[in-house]
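The values are calculated or read from the model by the stated rules, or taken from the named source; none is laboratory data. Just so we're clear, the structure is a prediction, and the values are computed from it rather than from any experiment. Using ideal geometry, Cβ is built from the backbone for each residue, glycine included, and neighbour counts are taken over all protein chains shown.
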Amino acid sequence: MLNISNVSKIQGGEVLYSGATFQINPGEKVGLVGPNGSGKSTLFRMIIGEDKNFEGQVSFPEKLRLAYFSQNVGEMKGRSALQEVVEGDEKIKILSQKLKEFEVKLCEPMSDEEMNNVLMKMGEVQTEFEKRGGYDIETRAEEVLTGLGIAPEDHHKDCGEFSGGWKMRIALAKVLVLSPDLIVMDEPTNYLDMETILWLENWLQTFSGAIFMTTHDRDFMNNVCKKIVDISNRKMTSYSGNYDFYLKEKKIRLDQLKAEFARQQEMLSKEEDFIAKFKARASHAAQVQSRVKKLEKIDRIELPPEDDVMSFDFQSPPRGGDDVVVFKNLGKEWSKPSGETHSVFKGLSGTIKRLDKIALVGVNGAGKSTLLKVICDRTEQTEGEYKVGPSIKVGYFSQYSFDVLNPENAVYDELRDNLPEASDGFLRNLLAAFLFKGDDVKKKVKHLSGGEKSRLIMASLLSQNNNFLVLDEPTNHLDIASRDILLSALKGFDGTILIVSHDRHFLHGLAEKVYEIDKGEIRVYPGNYDYYLNKTTSL
């Protein structure tokens, strides 16, 4: 269905991939993996025709219906969310307009022959309109919008009134409603809450068409994709299995390659020793020459370079009080522009104990992020009280932490501002551990990618000797390898953690206790994330 044949791409003078070849068959669900900067989004742009500056061939049938979702949703305003989704299929829009024109024409006086001709053409358009799902597109659009977390009462709200994250959901709905033969998706789970991720996961699992996607959500890729295409070392390699299978198989293949490399190196060493020993002897000239030619013809095995990954360890923070935070009857209301108030939550009570590693969960809008802001003194509660224990030093990472960065600062200067007492050597080693090496430390913050900004904030946050970390979606923008390193570090952190995350793999690995905000109260589950799921799914 989709064929990538001998594709090579150079970008900014650097080879992204050379001679890449693979195919996606009808109904296949394929994940694309590779480190940041390896060319995943570039490949997607090549497939949809936005980037034509490459060698090789990207081909698919002329009548293939292809839909593309990216993080760049563009301008959205002037139409309701429902209109935006329904009218996202340009072909359905054109066919609908033609049907209206036929209906008008049938009201005009005409001969039987003319009427039959109009009816025949109208029938062809109706067939195509029905085939594309034109008759039930509004119903499907409502179902998808609701599934993606946009309440029915907001379906008729102007798109311009939605925030950027909600506009992404509308853009995603436009793609899903098309029900195409192939959906290409670039990070579809970014900024989605857990409920919505689970809904989307189920939708994609039952979708009859093919999917080609990249995501940093390990569980999501595991549950949706049955084939993986890996971009690394300027090559693309296919693996027939999910993400976990890919990791195991890639290690097996690398181990086999290392064994072959070692055997070849041993053989080469013996041959080169023979040549060096006997090249000056006339009696061995023929043998030497034969072995020289043999070595010239050998296809030498090359080992791939090791991937750069973040590497850091926490220093043990100072010990704080046993009761890290105690809160009682907390309530929070937001004021709307109209002057009305909206209650986010009320009556929340609980205690966070020293060394707790707590996952804070709840439905979208339950107030998880707001509670974190109250606890971290970033917004004032409307009612109730909370108390942070003695000697507690709070490190806070919010979904909007990028706003605290100075866009004009160089990377090094930004870290220096946050760690003014640290030595130059410490700062440079810390930046290197978070993958800022060489001239990267001179790069201005405004030129960093989302993943780079997240790493820079984490480098500062995790080095300030905080003994209580409050983390709101800390894995956004981080690739899977970086998420795994961060998870490993947080598991070894000798302090208290309160985290909101939609990354199930992260929560499974970190949480030792779960607090669920539900209908104005906090339910405490004294076990890990698996324990919480078992308790809630059995209700």
Selected residue (criterion: farthest from the chain's Cα centre (by Cα)) from residues of region 444-462 that are at pLDDT below 85 and not in a helix (DSSP H, G or I): L462
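In region 47-75, which residues are hydrophobic (A, V, I, L, M, F, W, C) and touching an Asp or Glu at 6+ places or on another chain (Cβ under 6 Å)?
Passing the criteria: only L64.
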All positions within region 399-413 that are modelled with pLDDT under 90, outside any loop (DSSP other than H, G, I, E, B) and in contact with a helix residue (DSSP H, G or I) (Cβ under 6 Å, 6 or more places away or on another chain): S401, F402
Lone qualifier among L257, L247 - being out of contact with any strand residue (DSSP E or B) (no Cβ under 8 Å at 6 or more places or on another chain), under 20 Å from D479 (Cβ atoms) and at pLDDT below 95: L247
Unique match (being crowded, with 16+ Cβ neighbours inside 10 Å, among the aliphatic types (A, V, I, L, M), touching a residue at least 12 places away in the same chain (Cβ under 8 Å) and under 22 Å from A459 (Cα atoms)) among I485, I517: I485
Any hit, region 333-346, residues being surrounded by 18 or more Cβ atoms within 10 Å (Cβ to Cβ), at negative phi and modelled with pLDDT of 90 or more: no
Filter pass, G321 being within 30 Å of K387 (Cα to Cα), modelled with pLDDT of 85 or more, in a loop (DSSP other than H, G, I, E, B) and out of contact with any His (no Cβ under 6 Å at 6 or more places or on another chain): yes
Single residue of region 67-99 satisfying the filter (under 14 Å from R169 (Cα atoms), among the polar types (S, T, N, Q) and touching a helix residue (DSSP H, G or I) at 6+ places or on another chain (Cβ under 8 Å)) that is modelled with the highest pLDDT: S80
Looking only at region 137-178, and only at residues there that are of a type in the set (G, A, S) and touching a residue at least 60 places away in the same chain (Cβ under 8 Å), the one that is nearest to N364 (Cα to Cα): G149
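Of everything in region 9-66 that's of a type in the set (D, E) and not in a strand (DSSP E or B), which residue is farthest from F434 (Cα to Cα)? Spell out the reasoning first.
Let us first name the residues in region 9-66 that are of a type in the set (D, E), namely 14, 28, 50-51, 55, 62.
Now drop any that are not not in a strand (DSSP E or B), which leaves 28, 50-51, 62.
Working: E28: 36, E50: 33, D51: 31, E62: 45 Å.
Of everything passing the filter in region 9-66, E62 is farthest from F434 (Cα to Cα).
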